[in-house]
Amino acid sequence: MSKPKDILSILLQLVVAALAILFTAYILPGISVDDFITGVIIAALLSLLNITIKPLLIFLTIPITLLTLGLFLLVINAIIVLIAAEIVGGFSVDNFWWALLFSLILSLVNSILGISLGEGRW
């Protein structure tokens, strides 16, 4: 059974991720997020997709990932963002390049917010 502290930690991570998503969408004109609740839904869905679909995509693309020295993982991240945009109604991404830039900036903002809130494990 989960401890209340664990549940609060997960909720805090979702809120931080939602804030990062909203900030990233604010600075990128090719990304649109309707409201904070949509941001929380996107954060939860991206986490779920990263746990389920991303490992499968990585496994299926091992040769090209090795050939590109790991840079193809950026493409996989963009694909995950595009999948989330298709599922969530209030979230839109104009094209692949915006999804790629969104995933890069989102990772950076998440890292900065996580470290500033003591979530980082450096």
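Go through segment 23-32 and report how many residues are surrounded by 20 or more Cβ atoms within 10 Å (Cβ to Cβ) and among the hydrophobic types (A, V, I, L, M, F, W, C). Before the answer, list the steps.
Looking only at segment 23-32, we keep the residues that are surrounded by 20 or more Cβ atoms within 10 Å (Cβ to Cβ), and these are 24-25, 31.
So of that shortlist, the ones also among the hydrophobic types (A, V, I, L, M, F, W, C) come out as 25, 31.
Residues in segment 23-32 being surrounded by 20 or more Cβ atoms within 10 Å (Cβ to Cβ) and among the hydrophobic types (A, V, I, L, M, F, W, C): 2 in total.
Which residues, taken from segment 28-57, are of a type in the set (Gly, Ala, Ser) and not in a helix (DSSP H, G or I)?
The answer is Gly30, Ser32.
Residue-wise test of (1) over 13 Å from the mean Cα position of the chain (by Cα); (2) of a type in the set (Asp, Glu); (3) modelled with pLDDT under 95.
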| site | (1), (2), (3) |
| --- | --- |
| Pro63 | yes, no, no |
| Leu67 | yes, no, no |
| Ile76 | no, no, no |
| Ile79 | no, no, no |
| Glu86 | yes, yes, no |
| Phe91 | no, no, no |
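Taking only segment 10-22 into account, find how many residues are within 19 Å of Asn95 (Cα to Cα) and open to solvent by 40 Å² or more (accessible area, probe 1.4 Å).
Taking segment 10-22 and keeping what is within 19 Å of Asn95 (Cα to Cα), we get 21-22.
Okay, now just the ones that are also open to solvent by 40 Å² or more (accessible area, probe 1.4 Å), so 22.
Count: 1.
Could you list, in sequence order, the residues of segment 90-122 that are without any contact (Cβ under 8 Å) to a residue 40 or more places away in the chain and part of a loop (DSSP other than H, G, I, E, B)?
Gly118, Gly120, Arg121, Trp122
Suppose the filter is within 30 Å of Leu8 (Cβ to Cβ) and either in contact with a Ser or Thr (Cβ under 6 Å, 6 or more places away or on another chain) or of a type in the set (Gly, Ala, Ser) (or both); does Asn77 pass it?
yes
Filter segment 36-71 down to the residues that are in contact (Cβ under 8 Å) with a residue 40 or more places away in the chain and open to solvent by less than 80 Å² (accessible area, probe 1.4 Å), then identify the one that is farthest from Ile83 (Cα to Cα).
Filtering first and then ranking leaves Thr38.
Taking the conditions exactly as written (more than 21 Å from Ser9 (Cβ to Cβ) and at pLDDT below 95), does Gly114 satisfy them or not?
no
The values are calculated or read from the model by the stated rules, or taken from the named source; none is laboratory data. What you are looking at is a predicted structure, and each value in this text was computed from that prediction instead of being measured. Ideal geometry is used to build each Cβ from the backbone, glycine not excepted, and the neighbour counts take in all protein chains shown. Remember, those area values only see protein heavy atoms, side chains included, never the ligands or the DNA or RNA. Shrake-Rupley method; radii C 1.70, N 1.55, O 1.52, S 1.80 Å.
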